[in-house]
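Contents: one structure, followed by commentary.
Every number in this text was worked out from the coordinates using simple rules, so none of it is lab data. Since this is a predicted model, take the numbers as computed values, not measurements. Here the Cβ positions follow ideal geometry from the backbone for every residue, glycine too, while neighbour counts run over all protein chains shown.
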Amino acid sequence: MPEDLAKLDLSELRQALDEKQVSSVELTTHFLDGIKKLNPELNAFITITEDQAMASAKDADNFIAGEGQNFPLTGIPYAAKDLFLTKGILTTAASKILENYIAPYNSTVITKLMAQKSVLLGKTNLDQFAHGSSGETSAYGPTKNPWDKTRMSGGSSSGSAASVSAGIAPWALATETGGSIRQPASLTGVSGWKPTYGRVSRYGVISMCSSTDSPGAMARSVKDLAMIAEVISGQDPKDSTTGEHEVPAYSKQLSTDVKGLKIGVPKQYFLDGMEDGVKQKVMDAITELEKQGAQLFSVDMPNTKYGSLVYAIVCPSEVSSNLARYDGIRYGHTTKEGKDLLDVYMKSRAEGFGDEAKRRIMTGTYVLSAGYYDAYYKKAQRVRRLIMNEFEEVFKTVDVLLCPSSPNVALTLGNAANDPLFGYIADQLNIPASLAGLPALSVPCGFSMPKDGMAPSMDGLPVGLQIIGPQWGEQKVFNVGYAYQQISDWHKKRPQI
Amino acid sequence: MLTPEEVKKIAVLARIELSDAEIAKYGKDLDAVLDYVAELQQVNTDGLEIVSQVTGLENVMRLDAPELNEIQQEIMANAPAIKDGYYKVKAIL
């Protein structure tokens, strides 16, 4: 198989498969070989589904050989964050409590991809239960950044980001709750899409914070993301929070015309303490779009600062409710020491949950407990309304908001906990849009040196431009991302590994 | 400042057995979170509705129709202990 075929974007892969220049078996073998070679170093995958992948690829090749019309993703391999239930396949959420859990059914998104005869390569690593933004809370060890293996890939979708960045998967399913797609996409130099809340079904995706959980994707370009979005979006009777909104042909409606586009640049998203190189690269990208005819507006969003405070209450509340299902009885880890039923609950959960899950469960249980619910949870949900209203107001005057996806480039592994930037400022860039259910992208926009320095042979680490749109404004963010990728080639840069 | 007894009570509500060292640790963490979010109490939210569904959906209904789903075995296969097709649990009292 020609080596460069594997570097093609999804629409080109589609064409190559349709024209029989390459088979799905050849493509799948190529990516599986890459995974087997690089995964021991990157730790991007928890489970490699080689046998199932080869069987799916053969099935896809038979389908392609037949008379019918191929689907957009027929025969194209992908990876899935290990938070998506995959029938008959280990699904761990990177936790110990689910270390032996074989999913009894498929998530809706996986079912849609199976219907297209896509090929699942394996399940990717993540922060345990998606609680984290460094990939380091995984019970299976941290994912390494393909640009510099001493650094993190970000999180929680660490393995999905690293696998696309390293070229061992052409695209990957990921999930967002408060930055878990945008931030790792930024840190590994790939394109990431966090959908409007309810655009993509959450059915069969292990729950974290149900009111912001948004399954999405990471890929090599915005065009690829638009293609994926057409396949995985849509109303699902099994997830009553999915919207009735029809799914447009996003990829066919992509436009490079940004003349007259109103770009809002919120000053609260360019903070002191952010890395200068990151700020600079993001401003350069915004200037490029201005040169193409977009208009810039400085916008004031003073309620942004409350986003991470609201999240600090809403997220653990929902986490504590969602993790209540792990009882050591129906599935998951169970203790060997339990004396009676209550003791089985108490010990199974103590043994099975990691530190961060326990912390969030404790916080959530406290703020939801009698006497505190009004003061904390209800108050937070009112402030959340304030944040939503502010976005609504701003989108009356601008089409999209542009800002950094992360305040820093990838940090060295082990340094997240000591870096105040990593918590507060990072949250400030990502969480408000999550709380308001807005669609957003992260697209590569250059490289910047990390503040702790790196080998002089390197040109720095990837920086991500964030594009935020109004609810259901997927087409708007895709168009801006696509337009930018037509005048830049940062998304085509790949690490040497 | 939360007392160790208060933290212990939360842990029992959350059904997680904690050691004394963990009670001290999560107590400290909880205090830190409550400090962190204290600023929210100062925000004027008069007249603002709480957000209960972010895209504005209300009372989404579906037909309450039974459906055959033959995955009982796959579901039960994940249980640590079963007997005669039922989940087996320890004595309640």
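Observations, loosely collected:
- Hey, A:G328 buried (at least 20 other Cβ atoms within 10 Å of the Cβ) and not in a helix (DSSP H, G or I) or not: yes
- Residue that is surrounded by the most Cβ atoms within 10 Å (Cβ to Cβ), among those in the range A:440-489 that are of a type in the set (D, E) and touching a residue at least 40 places away in the same chain (Cβ under 8 Å): A:E474
- Selection within the range A:66-99 - without any contact (Cβ under 8 Å) to a residue 60 or more places away in the chain and closer than 24 Å to B:P80 by Cβ: A:T86, A:K87, A:G88, A:I89, A:L90, A:T92, A:A94
- Tally, over the range A:332-390, of residues that are of a type in the set (S, T, N, Q), surrounded by fewer than 19 Cβ atoms within 10 Å (Cβ to Cβ) and not in a helix (DSSP H, G or I): 1
- Filter result (part of a strand (DSSP E or B) and within 14 Å of chain B (Cβ to nearest Cβ)) within the range A:239-275: A:D239
For every residue, the table says whether it meets (1) within 25 Å of A:T304 (Cβ to Cβ); (2) within 9 Å of chain B (Cβ to nearest Cβ); (3) of a type in the set (F, W, Y).
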{"site": "A:R360", "(1), (2), (3)": "yes, no, no"}
{"site": "A:T365", "(1), (2), (3)": "no, yes, no"}
{"site": "A:R382", "(1), (2), (3)": "yes, yes, no"}
{"site": "A:R385", "(1), (2), (3)": "yes, yes, no"}
{"site": "A:V394", "(1), (2), (3)": "yes, no, no"}
{"site": "A:V398", "(1), (2), (3)": "yes, no, no"}
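- Some residue of the range A:297-309 being more than 11 Å from every other protein chain (Cβ to nearest Cβ), part of a loop (DSSP other than H, G, I, E, B) and closer than 21 Å to A:A433 by Cβ: yes
- The numbered conditions (1) crowded, with 24+ Cβ neighbours inside 10 Å; (2) in contact with a Gly (Cβ under 8 Å, 6 or more places away or on another chain); (3) not in a loop (DSSP other than H, G, I, E, B) are all true for A:D427 except (1).
- Cβ pairs under 6 Å, 6+ apart, first in the range B:75-93 and within 7 Å of chain A (Cβ to nearest Cβ), second of a type in the set (D, E, K, R) and part of a loop (DSSP other than H, G, I, E, B): B:A79/A:R330; B:K90/A:D340; B:A91/A:D340
- Residue within the range B:32-41 that is under 30 Å from A:P302 (Cβ atoms), within 8 Å of another protein chain (Cβ to nearest Cβ) and part of a loop (DSSP other than H, G, I, E, B) present: no
- Test: B:I71 is touching a Phe, Trp or Tyr at 6+ places or on another chain (Cβ under 8 Å), over 26 Å from A:A350 (Cβ atoms) and of a type in the set (V, I, T): yes
- Selection of the range A:226-238 for residues being part of a loop (DSSP other than H, G, I, E, B) and within 14 Å of another protein chain (Cβ to nearest Cβ) yields A:Q235, A:P237, A:K238.
- Of the residues making up the range B:71-93, those that are in a loop (DSSP other than H, G, I, E, B) and either aromatic (F, W, Y) or farther than 27 Å from A:V200 by Cβ (or both) number 12.
- Looking across the range A:384-424, the residues that are over 19 Å from A:Q471 (Cβ atoms) and β-branched (V, I, T) come down to A:V409, A:T412.
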